[in-house]
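Accompanying notes for the structure given below.
The values are calculated or read from the model by the stated rules, or taken from the named source; none is laboratory data. Keep in mind that what you see is a predicted model, and the values were worked out from it rather than measured. A quick note on method: Cβ atoms are made from the backbone with ideal geometry, for glycine too, and the neighbour counts reach across all protein chains shown. Only protein heavy atoms, including side chains, enter the accessible area calculation; ligands, DNA and RNA are left aside. Shrake-Rupley method; radii C 1.70, N 1.55, O 1.52, S 1.80 Å.
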Amino acid sequence: MAAAVQIRTSAGRFTCVSCNLIFSNHEEQVEHYKTDFHRFNLERKVAELPPVTLEVYQQKLECTFMCVF
């Protein structure tokens, strides 16, 4: 498995440009990259759509779960 790339802003913070998030350290950033939330926003970025917040993502999951069952 390839090593995660550290991305920092000019202020020296760790960020995710796909989700518009800032992390306090590299470990948090790496854990974020493993989430379905991050993958969802990556797909949106490829489709040239803006990222959604974690709250909106969780609402979409709840709706999907409730609609299926």
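Quick notes on this structure:
- Accessible surface of the stretch 7-59, 1.4 Å probe: 55 percent of it comes from carbon and sulfur atoms.
- Of the residues Thr35, Thr15, the one with the largest accessible area comes first in the ranking Thr35, Thr15, computed with a 1.4 Å probe on protein heavy atoms.
- For a label point 7 Å along the Cα-to-beta-carbon line of Cys67, residues of the stretch 17-40 with backbone N under 17 Å: 40
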